[in-house]
1. Leaving out ligands, DNA and RNA but keeping every protein chain, what accessible area does H281 have, in Å² rounded to the nearest 10, with a 1.4 Å probe?
2. Could you state how much accessible area I294 has, in square angstrom rounded to the nearest 10, with a 1.4 Å probe and all protein chains kept in place?
3. May I ask for log10 I(q)/I(0) of the chain at q = 0.07 Å⁻¹, from a Debye sum over the Cα atoms as equal point scatterers with solvent left out?
4. Over the range 66-158, what percent of the accessible surface lies on carbon and sulfur atoms, probe 1.4 Å?
5. Could you grab the Rg to Rh ratio for the range 91-202? Cα atoms only, Kirkwood for Rh.
6. How many Å² of accessible area per residue for the chain, probe 1.4 Å?
7. Hey, what do the phi angles of the range 176-184 turn into as Karplus ³J(HN,Hα) couplings, whole Hz, using 6.51/-1.76/1.60 and θ = phi - 60°, x for Gly and Pro?
8. With a 1.4 Å probe and every protein chain kept in, tell me what percent of the accessible surface of the range 233-327 is carbon plus sulfur.
Amino acid sequence: FRGGRSVAASGVVNDPFTYYMGTTGGGLWKTTDAGHHWSNISDGFFTTGSVGAVSVSESDPNVVYCGMGEHAPRGVMTSYGDGVYKSTDAGKTWKKTGLEKTRHISRIVIHPKNPDIVFVAADGALYGPTEDRGIYKSLNGGKSWDRVLFVNDLTGCSELSMDMNNPQILYAAMWEHQRKPWKVISGGAGSGLYKSRDGGETWEKIHAGLPEDLGKMSIAVSRSNSDNVYALIESDSDKEQGGLFVSNNGGAEWTKISSDHRLVMRSWYYIEIFVDPQDEHTVYVLNAPALRSIDGGKTWERITGTHGDFHDLWINPNDPKNMVIAN
């Protein structure tokens, strides 16, 4: 009855009752009783209502970052966003911390031990070229930002994943895209997978074994084995080239592990992948169905029980059976 859809959700480490839900038109919501009751916590603070990402610090649960603007470019977008908001009191109050022109934010990643170090993955504006895309980094809790990866004015960051065992290492999926009145442009020269070994200061392409034509992509590094990285890839010109790829050497080389079409259908709206933090072989892919593999992506089973259209998943790193899913 709350209406609309959610593309962002997060739980809180060591608190199985508290969760945050970012909606695409109604702002940010919070529950402290495991979902029985929800309260809006953004009214009066946020000046737009479409949330693209929400992230809670693992080291300090009072610190919450919220990135505005839903990131799946469907035809009935609610509105663009107006940057990043931050709370230091678990959502009671909020302050805007910049990046107003990013328009649509797909992910916020916080350093596991220092909540002042934070990365923002910005898809950017949907309907035209803009310089305000890419990956931004702050070392002072959002007081100032540096853009650390920019490809071109049509390419944003659709996913960002940090190696929690070595936070200097990050993986990014960059996506060239535009939403036209009559079609979605997905892919182009700017699309690619990137890796940083120095906290986002420099980036290298990691394409060995991937298709030449790259559309929307998602990437996730395993927390239990940092060498194991998964990438979900749309290949627009040849549907058979897309699917799930895995690297066993930190992205240096990739091997296709599954061509199951359920993983990449309606890719502009989905393409989301998550790895169990304690089992490198258990992988979740979100699409119209929610899918789980327990053999490293070779075979898949459907997770049922809720409405379809799955967009985000948070898995408790200390208890992988504790999750919150957004649809």
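The values are calculated or read from the model by the stated rules, or taken from the named source; none is laboratory data. It should be emphasised that the depicted structure is a prediction, and the values quoted were computed from it without experimental measurement. Cβ: placed from backbone, ideal geometry, glycine included. Neighbour counts: every protein chain shown. Keep in mind that these areas ignore ligands, DNA and RNA; they rest on the heavy atoms of the full protein, side chains included. Shrake-Rupley method; radii C 1.70, N 1.55, O 1.52, S 1.80 Å.
1. 90
2. For I294, solvent-accessible area is about 120 Å².
3. The computed values of log10 I(q)/I(0) come out as -0.23.
4. Values: 1750 of 3500 Å².
Roughly 50 percent, rounded to a whole number.
5. Details: Rg = 14.2 Å, Rh = 14.4 Å.
Reported Rg/Rh, Kirkwood definition of Rh: 0.99.
6. Details: 13210 Å² over 327 residues.
Here the residues of the chain average 40 Å² of exposed surface.
7. 7, 7, 8, 9, 9, x, 10, 6, 10
8. Values: 1970 of 4250 Å².
Carbon-and-sulfur percentage of accessible area, whole number: 46.
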